1. For A:LYS86, go through the lysines and keep the ones whose alpha-carbon is under 17 Å away, minus same-chain ones fewer than eight residues off.
2. May I ask you to work out the translational diffusion coefficient for region A:1-95 at 37 °C, viscosity 0.692 mPa s, via Stokes-Einstein with Rh from the Kirkwood sum over Cα pairs, reported in whole µm²/s?
3. Based on the alpha carbons, how large is the Rg to Rh ratio for chain A when Rh follows Kirkwood?
4. With each label point set 7 Å from Cα along the Cα-Cβ vector, what nm distance links B:ASP41 and A:ASN105?
5. Relative to the present Cα-Cα distance, how much length would full extension add between A:THR15 and A:TYR70 at 0.36 nm per residue of separation?
6. Tell me, what HN-Hα J-couplings in whole Hz come from the Karplus equation 6.51 cos²θ - 1.76 cosθ + 1.60 at θ = phi - 60° for each residue of region A:169-174, using x for Gly and Pro?
7. Reachable lysines from B:LYS6, Cα under 30 Å, same-chain residues fewer than 8 places away excluded?
8. Between B:ARG17 and A:LYS162, what is the spin-label point distance in nm, taking each point 7 Å from the Cα along the Cα→C-beta axis?
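Read-outs throughout are calculated quantities, based only on the coordinates presented, and are distinct from any laboratory measurement. These numbers were taken from a predicted model, which means no experiment stands behind them. Cβ placement follows ideal geometry from the backbone for every residue including glycine, while neighbour counts extend to all protein chains displayed.
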Amino acid sequence: MEDQELLIELRSSETRNHGFEVLVKKYQEKVYWIIRKMVIDHDDANDVTQEVFVKIWKNLDKFRADSQLYTWIYRIATNECLNFLKKKQRRLFIPWHDVESELVNKIDNSPYQEENEIERKLQKAILTLPDKQRLVFNLKYYDEMKYDQIADITGTSVGSLKASYHHAVKKIEKYLNEG
Amino acid sequence: MKSDKKHRITLGDIPRRNFQKVPEGYFDTLPGLIASRIESDNKKSTSTPVFTIGLNWKTAAIAAALTLLIVFSGLFDSVNKSISPEEMLAQINVEDIIEYLDYTDLTTYEIIAELDIDENDADDFLENDIQLLNLEEFESLDEYELYQEYGIEEYIF
């Protein structure tokens, strides 16, 4: 179902439940993977993903068609993700490098990933980036989004995103060639 | 002549694929998990009010903002005296405020908008908030200084 049709269903109280079911099925994997790449751990990603869809459901009335549905959904997902990481750091009163160590530890010990040393090293390199830059990198590199799509989601200029991505690639490649 | 220069790894050398996995059948069960969560959320919101003393969100936002102001900024003196923060705060548990702040979507801007405080004080408060947030983004002082020099939105995001 196209987003336009979906929106019509979501706006009517009679078809809203069905529309939301379709929306969840259509976007759940994309939302989950954006989050999973940021929080690393499956259980955390599962929790944040559910929270994202609860928020979408609660705020359906507030969605205005001045942005596209997928942009709105991705914006909620990326905000939830960044908030989750920020809260984690704040709740535990730990500096960022300790959160990073925890995430690296999860990469090393997660049962839900394939064994491949260079990919593991790439994941660790990505974790050295600040959260927002990491998000931009993931959206560009893994999801192969265009800069203007990322700009719509993050509310940032295309120029800034290009600079951020370029800088991220340089940092990652430097990490890959160390040690 | 054979080059002894070590091959430099680039992103192009690594397959661009997702190497993380999910438990089998996870995406079949996720819609059900979401539906249950929405249902329990609905039950919670109808049977258990978030604030047992019956504050609406605006009052709670003001109370939370006042707590922040008292603790962090010393701006308390400039707050309109017609609000009695002591009375208001005395009715709210600190845990309730912390829980509220954890769950709320309110930004500092929205909280400030609910307060009757001087514009300059609000700017000071927001500036402090922005600086705190920005510092978290940087790995080193050098990066932070570079960021400061070239503009807030242009460097990281």
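1. A:LYS37, A:LYS132
2. Values: Rh = 14.0 Å.
In µm²/s, the coefficient is 234.
3. Numbers: Rg = 17.5 Å, Rh = 17.5 Å.
Over the Cα atoms of chain A, Rg/Rh equals 1.00.
4. Calculated label separation equals 3.0 nm.
5. Details: separation 55, 0.36 × 55 = 19.80 nm, distance 1.95 nm.
Full extension of this stretch gives 17.9 nm more.
6. With the stated coefficients, region A:169-174 comes to 4, 4, 5, 5, 5, 5 Hz.
7. A:LYS121, A:LYS124, A:LYS140, A:LYS162, A:LYS170, A:LYS171, A:LYS174
8. Label at B:ARG17, label at A:LYS162, 3.2 nm between them.
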